[in-house]
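J.: My questions will all concern the structure given below.
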């Protein structure tokens with residue numbers, strides 16, 4: 001009888017969903033952004049210079065302003081010129097998130113042969129000032145386009161890259177945001193948390209597909225912001241590169257902080273415990289794995305995420321053992337996966353076990369049928385389980401010379417073929433068709 005490759009079992013562990021469950025932290029949108037100088041004014045008044053003048057300017061939400069007083073000066077002969085410059089300048093109001101608010105701006109001017117502004121908040125003028133204004137107005141798509149256009153003419157401009165990054169961040173394109181922030185040598189204070197969250201989000205997204213890059217992003221996130229959010233991403237990324245001990249340490253630290261906070265959502269606790277469970281399973285820490293399982297049952301008695309992760313672990317072990325041609329070890333692991341409690345994993349494990357037996361040197365087709373029946377008891381329309389059952393029925397029919405079982409096998413395989421075609425599973429369709437030809441069906 002023709003032998004077939006084991007069924008490939010792929011399980012999505014929902015890492016990104018877990019990341020989304022983490023508590024929202026203070027973001028750029030909720031931070032205080034001080035008043036800024038957009039355009040420095042001019043003066044027709046001569047100054048005595050050299051000297052320094054510091055003025056206090058009150059900037060109102062609508063952009064109007066009032067020069068309040070001279071805070072200090074090193075040369076009184078420069079004050080009149082400084083006041084005229086301040087009164088003819090243009091300012092951007094301070095913001096609390098996207099809302100403009102009243103605030104004070106300390107305007108420092110140095111006088112010599114020319115007038116130079118120094119100290120205080122950096123001036124943001126021209127096109128960069130307009131990008132900043134778009135961000136504060138919540139027009140992120142427009143800000144992104146403006147930043148991209150500006151960077152074409154000014155490649156590598158740090159502030160423009162940060163404006164691009166924050167625009168991408170607010171439109172939830174975390175990969176683009178991370179790539180923009182990653183090009184900035186030193187991030188400004190107002191951008192650090194958004195950059196950290198972007199790096200963390202991308203790290204979790206890429207932990208399975210690009211583990212080394214994910215770890216780099218997670219390390220950047222943690223360097224910028226050592227919050228539980230960054231620790232979670234670091235733990236997931238460390239797991240991705242098989243640094244299981246480090247992953248456990250990061251996740252335990254995040255767990256300690258989050259579980260101590262009364263307002264931590266249950267979904268967040270489930271995400272942390274689920275990933276710790278995976279680490280404990282990989283390191284053979286049965287005691288802690290069982291503790292996480294018990295806690296997960298308490299936290300989420302209906303969702304049963306612990307069963308999913310335990311099942312996935314043993315399913316992966318079973319598949320690996322089967323590929324290494326260790327059928328006894330494979331079946332032992334697959335039996336554990338099937339009894340972990342997650343229905344989908346149980347179907348995959350029972351079906352995989354059936355194919356392990358099929359591929360053995362002396363297939364026990366009665367055992368094949370038994371495994372296939374267990375899978376079909378959970379999902380009667382699983383095409384791979386139906387395929388396994390058809391092979392088992394055909395095998396028993398040959399061994400015991402029972403034509404009725406051969407006929408039943410053909411009907412089972414035809415049902416499997418129909419479902420496989422409906423699901424566009426071309427590889428499985430071809431395997432079933434070949435086996436039917438072998439049976440003369």
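J.: For the condition touching a helix residue (DSSP H, G or I) at 6+ places or on another chain (Cβ under 7 Å), surrounded by fewer than 24 Cβ atoms within 10 Å (Cβ to Cβ), modelled with pLDDT of 95 or more and under 30 Å from residue 34 (Cα atoms), what is the one hit in 192, 253, 183? Steps first, answer last, please.
T.: On the way: 192 fails: modelled with pLDDT of 95 or more; 253 fails: under 30 Å from residue 34 (Cα atoms).
Residue meeting the stated conditions: 183.
J.: Mind counting the residues in the range 165-180 that are closer than 18 Å to residue 150 by Cβ and surrounded by 24 or more Cβ atoms within 10 Å (Cβ to Cβ)?
T.: Counting residues in the range 165-180 that are closer than 18 Å to residue 150 by Cβ and surrounded by 24 or more Cβ atoms within 10 Å (Cβ to Cβ) gives 7.
J.: Here's another thing I want to ask about it. Taking the conditions exactly as written (over 24 Å from residue 136 (Cα atoms), surrounded by fewer than 24 Cβ atoms within 10 Å (Cβ to Cβ) and at pLDDT 95 or above), does residue 205 satisfy them or not?
T.: no
J.: Determine which member of the set 69, 36 is within 44 Å of the chain's Cα centre (by Cα) and either within 30 Å of residue 172 (Cβ to Cβ) or not assigned by TED's automatic domain parsing to the domain that holds residue 163 (or both). Walk me through it before giving the result.
T.: Numbers: 69 fails: within 44 Å of the chain's Cα centre (by Cα).
Residue meeting the stated conditions: 36.
J.: While we're here: Of the conditions (1) within 18 Å of the chain's Cα centre (by Cα); (2) within 22 Å of residue 163 (Cβ to Cβ), residue 191 fails just one. Which one is it?
T.: Checking residue 191 against (1) within 18 Å of the chain's Cα centre (by Cα); (2) within 22 Å of residue 163 (Cβ to Cβ), the one that fails is (1).
J.: Here is a further query. Got a sec? Which of 129, 63 is at pLDDT below 90, touching a strand residue (DSSP E or B) at 6+ places or on another chain (Cβ under 8 Å), surrounded by fewer than 18 Cβ atoms within 10 Å (Cβ to Cβ) and in a helix (DSSP H, G or I)?
T.: None of the other options fit; the residue is 129.
J.: Could you check how many residues of the range 305-329 are within 17 Å of residue 356 (Cα to Cα), touching a residue at least 40 places away in the same chain (Cβ under 8 Å) and buried (at least 19 other Cβ atoms within 10 Å of the Cβ)?
T.: 3
J.: Looking at (1) closer than 24 Å to residue 203 by Cβ; (2) assigned to a helix (DSSP H, G or I), which is the only condition residue 318 fails?
T.: The one condition residue 318 does not meet is (1).
J.: Continuing with this model, one more query. Would you confirm whether any residue within the range 37-48 is under 30 Å from residue 209 (Cβ atoms), out of contact with any helix residue (DSSP H, G or I) (no Cβ under 8 Å at 6 or more places or on another chain) and at pLDDT below 90?
T.: No, because not a single residue in the range 37-48 is under 30 Å from residue 209 (Cβ atoms), out of contact with any helix residue (DSSP H, G or I) (no Cβ under 8 Å at 6 or more places or on another chain) and at pLDDT below 90.
The values are calculated or read from the model by the stated rules, or taken from the named source; none is laboratory data. Everything quoted here is computed from the prediction, not taken from an experiment. No Cβ is skipped: glycine too gets one built from the backbone with ideal geometry, and neighbour counts run over all protein chains shown.
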